[in-house]
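All remarks here apply to the structure that follows.
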Amino acid sequence: MSILKQFDPEVAEAIEGELQRQKNGLVMIPSENHASEAVLMAMGTPLSNKYAEGYPGKRYYTGCEFIDKVENLAIKRAKKLFNAEHANVQPNAGSGANMAIYLAMLKFGDKIMGLKLDQGGHLTHGHPVNFSGQLYNFVQYGVNKETELIDMNEVREIALREKPKMIVIGATAYPRIFDFKAFREICDEVGILLLADISHFVGLCISGDHPEPFPYADFVMTTTHKTLRGPRSAIILSKEQHAKAIDKAIFPGTQGGPMEHIIAAKAVCFKEALNPEFKKYAHQIALNAKALAKVLLDEGLRLVSGGTDNHLILIDCRPLKITGRQGSEALAELEIYTNRNTIPFDTGTAFEPSGIRLGTPALTTRGMKEEEMKLIGEMIVSVIKNVEDKNIKKNVKNKVKELTEKYPLYV
Ligand SMILES: *Cc1c(COP(=O)(O)O)cnc(C)c1O
């Protein structure tokens, strides 16, 4: 950092500012986390300099012996971690990884089934502004209006009626469990493929707080920077029979040279996740989310589906007479970071949705437990129930400072 500071003080200062923001704030955006220093270190290495188009042992460039070693380690560890027959560790990000899976298995215009986007699905699960919605014919399933849970009878009916080629499951804002086995049974009945996009709750699949996607899914895609706590990236896991098609769809299908410095960081992150300590960490994420949900409910808030079974919570802000933007911005002012989000059957808009989405992965990384969740839950409720109250704000700001000092980051 000192070389960077000397050469480019403007960039160095912005990086330092971001580091301090993370240290001084409570990061509760459920897709964010704080990667270990070992992971960060692997990313900032000269591996970034190397071109290595192709796969280990089959590169288009010379000088790949160390790169091959790194990528083989990442592959071996990913397969072990997820009990997978095949792993492609080259995807740069989750969105591109989903693109590659569609490209490998489907033709443009083919029908795919995904979760409704305003009910928790991801852009790459068929949103009209995304390539997925433009190149493929998506039909969507949703949650039941009363229970706010995915209705498996509806999923089956739609699948039998529409006969898609693939069902995509996974979400960015669904606080409950995906029943992979039940989805598999529907896919078998229709004779179609199952893609489990476990990007958000991957850590909980490892700790056993969420069912594991294999052997039910044909493909598993996960980002590596969310509950897995690795570098900003993704991987694709699949059954052996699809290995060739997936590899081809990543390179040369959708990517050029792989980011081997990021692959090195993924290898480090998989080593961390294979350690029994990681299971404890990810289990604590789930315990913390439950503890947080309990306080919010006890304080009278309405939570989508009445609580959580994973790492995230959706607060319905309508009874508080504020929007999700107002709530999340009031919290951010006090360095509690959440995000505004649509909730099922939202009466607001995408820009002014009615929900706040928040979760526990990053706080759990700092070592916080149920006791702190109770405190933070009470702080959050006091702020969003009184978004204009200056005394409450001052009080909460002090408590955030106390907590972040007690649970330091990157020391
Ligand atoms: C985060 C996420 C993605 C996309 O990942 P990016 O790396 O941001 O492209 C895809 N699917 C789901 C369910 C996600 O949560």
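The values are calculated or read from the model by the stated rules, or taken from the named source; none is laboratory data. If you're wondering where the values come from, they're calculated on a predicted model, not measured in any experiment. FYI the Cβ positions are ideal-geometry reconstructions off the backbone, even for glycines, and counts take in every protein chain you see. Quick note on the areas: whole protein, heavy atoms, side chains included, nothing else; ligands and nucleic acids left out. Shrake-Rupley method; radii C 1.70, N 1.55, O 1.52, S 1.80 Å.
About the Cα centre of the stretch 245-305, what is the dipole size in debye to 20, counting +1 per Lys and Arg Cβ and -1 per Asp and Glu Cβ, all else neutral?
The dipole magnitude comes to about 160 debye.
Quick one: accessible area per residue over the stretch 278-406, 1.4 Å probe, rounded to a whole number of Å²?
On a per-residue basis, the stretch 278-406 sits at 43 Å².
Would you work out which of Gly120, Asn386, Ile322 lies farthest towards the positive end of the dipole of the chain, given +1 charges on the beta-carbon of Lys and Arg and -1 on that of Asp and Glu, about the Cα centre?
After comparing all options, I get Gly120.
Roughly how many percent of the accessible protein surface of the chain is carbon and sulfur, given a 1.4 Å probe and a whole-percent answer? It would help to have the intermediate numbers written out before the result.
Details: 9710 of 18150 Å².
Heavy-atom surface of the chain belonging to carbon and sulfur, 1.4 Å probe: 53 percent.
Arrange the peptides 136-146, 212-222 so that the one whose residues have, on average, the most other Cβ atoms within 10 Å appears first.
With the highest mean Cβ count within 10 Å placed first, the list reads 212-222, 136-146.
Projected onto the charge dipole of the chain (+1 at Lys/Arg Cβ, -1 at Asp/Glu Cβ, origin at the Cα centre), which of Ala282, Tyr51, Ala350 gives the Cα projection farthest towards the positive end?
Projecting each Cα onto the dipole axis, the largest value belongs to Tyr51.
Starting from the Cα of Phe351, move 7 Å in the Cα-to-Cβ direction to define the label point; list residues of the stretch 106-142 whose amide nitrogen is under 19 Å from there.
Backbone N within reach: 118, 128-130.
Using only Cα atoms, locate the centre of the stretch 60-82 and the centre of the stretch 322-398, then give the distance between them in Å, rounded to an integer.
Result: 41 Å between the Cα centres.
Report, in debye and to the nearest 20, how large the dipole of the stretch 40-274 comes out about its Cα centre when Lys and Arg carry +1 and Asp and Glu carry -1 on their Cβ. Walk me through the intermediate numbers first.
Values: 27 positive and 25 negative charges, 130 e Å.
It works out to roughly 620 debye.
What FRET efficiency do you get for Lys280 and Glu402 if R0 is 25 Å and r is their Cβ-Cβ distance, rounded to the nearest 0.05?
0.50
Equivalent-ellipsoid semi-axes (√(5λ), Cα gyration tensor) for the stretch 334-402, whole Å, largest first?
Details: eigenvalues 110, 59, 17 Å².
Equivalent ellipsoid semi-axes, largest first: 23, 17, 9 Å.
Calculate I(q)/I(0) for the stretch 1-84 by the Debye formula, one identical point scatterer on each C-alpha and no solvent, and give its log10 at q = 0.21 Å⁻¹ to two decimals.
-1.06
Which order do peptides 376-385, 3-12, 391-400 fall in by mean Cβ count within 10 Å, highest first?
Ranked from most to least packed, the peptides come out as 376-385, 391-400, 3-12.
With a cap of 16 neighbouring Cβ atoms within 10 Å, and only residues DSSP puts in a loop, list the chymotrypsin sites (Phe, Trp or Tyr not before Pro) found in the stretch 318-367.
Counting only loop positions with at most 16 other Cβ atoms within 10 Å, the chymotrypsin sites (Phe, Trp or Tyr not before Pro) in the stretch 318-367 are Phe345, Phe351.
How big is the dipole moment of the chain about its Cα centre under a simple scheme where the beta carbon of each Lys and Arg is +1, that of each Asp and Glu is -1, and everything else is neutral? Debye, nearest 20, please.
Charge dipole of the chain: 340 debye, to the nearest 20.
Can you return the lysines within cross-link range of Lys394? Criterion is Cα-Cα under 17 Å, with same-chain partners fewer than 8 residues away left out.
Within the straight-line limit of under 17 Å, Lys394 reaches these lysines: Lys385.
Quantify how much of the Cα-Cα distance distribution of the stretch 25-152 extends past 21 Å, in percent. Mind showing how you got there, number by number?
Numbers: 4963 of 8128 pairs.
Of the Cα pairs, 61 percent sit more than 21 Å apart.
Ordered by packing density, taken as the mean number of other Cβ atoms within 10 Å over each peptide's residues, highest first, how do 321-327, 166-172, 271-277 rank?
166-172, 321-327, 271-277
Just tell me, in residue order, which DSSP H segments of the chain are both 20 angstrom or longer along the helix axis (alpha-carbon based) and at least -1.0 in mean Kyte-Doolittle hydropathy.
Numbers: long enough: 9-24 (22 Å, -1.18); 65-82 (26 Å, -0.23); 260-274 (21 Å, 0.77); 276-298 (33 Å, 0.00); 370-385 (22 Å, 0.41); 390-406 (24 Å, -1.69).
Going by DSSP H runs, the hits are 65-82, 260-274, 276-298, 370-385.
Using the Kirkwood radius over Cα pairs, work out the Stokes-Einstein diffusion coefficient for the chain at 20 °C and 1.002 mPa s, in µm²/s as a whole number.
Translational diffusion coefficient: 97 µm²/s.
Gap in Å between the Cα centre of the stretch 194-216 and the Cα centre of the stretch 228-284?
A separation of 14 Å, based on Cα centres.
Is the stretch 264-411 rounded, prolate or oblate when judged by the Cα gyration tensor, a ≥ b ≥ c being the square roots of its eigenvalues, rounded requiring a/c under 1.5 and prolate requiring a/b larger than b/c?
Prolate, since a/c reaches 1.5 and a/b exceeds b/c.
So, R0 is 56 Å and r is the distance between the beta-carbons of Lys239 and Glu18; what FRET efficiency does that work out to, to 0.05?
After rounding to 0.05, the efficiency reads 0.90.
Per residue, how big is the convex hull around the C-alpha atoms of the stretch 84-214? Give it to me in cubic angstrom, could you? Walk me through the numbers before you get to the answer.
Details: hull volume 14.6 nm³, N = 131.
Dividing the Cα hull volume of the stretch 84-214 by its residue count gives 112 Å³.
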